[in-house]
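The structure under discussion appears below in the form of structure tokens.
The values are calculated or read from the model by the stated rules, or taken from the named source; none is laboratory data. Not measured: the values here are computed from a predicted model. Virtual Cβ from ideal backbone geometry, glycine too; neighbours counted across all protein chains shown. In case anyone asks, the SASA skips ligands and DNA or RNA and just uses the protein heavy atoms, side chains included. Shrake-Rupley method; radii C 1.70, N 1.55, O 1.52, S 1.80 Å.
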Amino acid sequence: MTLAALDAPEPGELDSLVEHVKITEPYTLRIALAAEKHPLAVGIIHSHPEGCRPQPSRIDDDMDGYYGPYFEDFAPGRPYISLIFSSIEGELALSGRVRWCGEWLQVARFAVERTPLVTWIAGHTPRREDRPRERTARLNAAFGDEAASRLRNSTAAVIGAGGTGSAAIETLARAGVGRIIVVDPDSLDESNLERVHGSFPEHAARRESKAALARAHILAIDPSCRVEAYVGALPQQEILDAIVTADVALGCTDQQHSRLALSDIALRYLVPSIDCGVMLEGQAGKVTGQILQIIRFLAADACALCRRLIAPARLARELMSPEERAQRQMAAAEARERGDAPDPYWHDDIQLNTVGYMTTIAGAMAAGYAIGWLTGRFDPPFERLQMNLAEKFLDVTDSPDARRSECVCGRVRGWADQAIADALITAPPHWRTALAL
């Protein structure tokens, strides 16, 4: 479920003569009558005093016991939601329950974009690892023990475990992130050894999957980290189901479909995301550009399509079946023999040149901004950051983009599975099933 609208009380709709919050009948009736005209479910948010646990009070129980069946008459076929918000030691503490078909269900997880929080299931104290750790003492000193605890109890997802991804993964593991999700469809080859952290010649010799290599590298750094590794790619459903449980996601591939899917996840599932990439430019035997790009994807940001980050023709080539690709390549070859242009049939995509020190910088920077989000200490101060390591003062630029008025990203923010028909991208049926390691 997604919080879509708030109906605040109007003057006189709360009883000011009592110490607690008491809703009057006109307020209740106004909300009930409105529910007959809109398709949304109805609920209430109980605000508990700071420092108080988000457990239902007797007043909460009485209110929910009355409102649950009451609103079913005005909003048939829709659930009733009861949430409790509190603040404990400066951190948002949430719990909730949902009445559906006469039964009360407990809320198991909340997603609040860029906001560190703790979910109390059924009002019970959550299990957390808050013990300071010597191995992250420097980070604790810089950000505080509270920030270190948030990292231990958070989840980061990294899509792509190559040059940039492996650097991001190592940074997150060494920072003490408690759960890391790794996704990559490819196996390691000898050309990857210059860039991929944790790789050695024996891994390339046996063509070890990059996801398995990343998993082993994380556990070598921090055996207590919970690692989920998948051989697959976005937007496969198995991968999507895993990524939406993360508190932050990093896109570290050069694939159009992965970038578009990451933008879609940030939009519909409120998972703040960062996409990063690098490119070398040269002329006359000289390196003229060493470009790093880091892109922020938040639900309120313009999507990857609005930002013109997606080349439709290249995306179509990435999603083609092997049979269609072969047919198009054959048609292009025949066109060349006739003296015609082959591009309408097939066009080989240029492989971007890159080197290990650039992918390491980009991956570590992306992970650093993710750590800022997870700890609540800082936000990326940009929408689309580009820098050139070959230029004076790095030639840093930010390129904010506006959302197109006709784009679906302007109306499905946070709608999750309810907006599956408006997903920016779906996986083609010929892709192999994702494999959880």
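The set of residues from the range 27-42 being open to solvent by less than 50 Å² (accessible area, probe 1.4 Å) and outside any loop (DSSP other than H, G, I, E, B) comprises Tyr27, Thr28, Ile31, Ala32, Ala34, Ala35, Val42. Counting just the residues of the range 119-156 that are surrounded by fewer than 19 Cβ atoms within 10 Å (Cβ to Cβ) and among the small types (Gly, Ala, Ser), which one comes out modelled with the lowest pLDDT? The extreme case among them is Gly123.
Inside the range 105-118, residues that are touching a helix residue (DSSP H, G or I) at 6+ places or on another chain (Cβ under 8 Å) and either without any contact (Cβ under 8 Å) to a residue 12 or more places away in the chain or open to solvent by 40 Å² or more (accessible area, probe 1.4 Å) (or both) make up a count of 4. Looking only at the range 298-325, residues that are surrounded by fewer than 18 Cβ atoms within 10 Å (Cβ to Cβ) and within 16 Å of Cys276 (Cα to Cα) come to 1 in all. Looking at the range 52-75, is at least one residue of a type outside the set (D, E, K, R), more than 18 Å from Gly96 (Cβ to Cβ), modelled with pLDDT under 95 and assigned to a loop (DSSP other than H, G, I, E, B)? Within the range 52-75, not a single residue is of a type outside the set (D, E, K, R), more than 18 Å from Gly96 (Cβ to Cβ), modelled with pLDDT under 95 and assigned to a loop (DSSP other than H, G, I, E, B).
Being touching a helix residue (DSSP H, G or I) at 6+ places or on another chain (Cβ under 6 Å) and surrounded by fewer than 18 Cβ atoms within 10 Å (Cβ to Cβ) is the filter; apply it to the range 366-387 and report the residue that is farthest from Pro116 (Cα to Cα). Residue satisfying both the conditions and the ranking: Phe378.
Do we find a residue being β-branched (Val, Ile, Thr) and not in a strand (DSSP E or B) anywhere in the range 83-90? There is no residue in the range 83-90 that is β-branched (Val, Ile, Thr) and not in a strand (DSSP E or B). For the range 389-437, the tally of residues that are open to solvent by less than 70 Å² (accessible area, probe 1.4 Å) and aromatic (Phe, Trp, Tyr) stands at 1. Cβ-Cβ distances below 6 Å connect the following pairs, each with a first residue in the range 62-83 that is touching a residue at least 40 places away in the same chain (Cβ under 8 Å), a second residue that is part of a helix (DSSP H, G or I) and surrounded by fewer than 18 Cβ atoms within 10 Å (Cβ to Cβ), and a separation of six or more residues or different chains: Phe74/Ala32.
In the set (1) among the hydrophobic types (A, V, I, L, M, F, W, C); (2) closer than 30 Å to Pro235 by Cβ; (3) touching a Pro at 6+ places or on another chain (Cβ under 9 Å), Ile159 fails one condition alone, (3).
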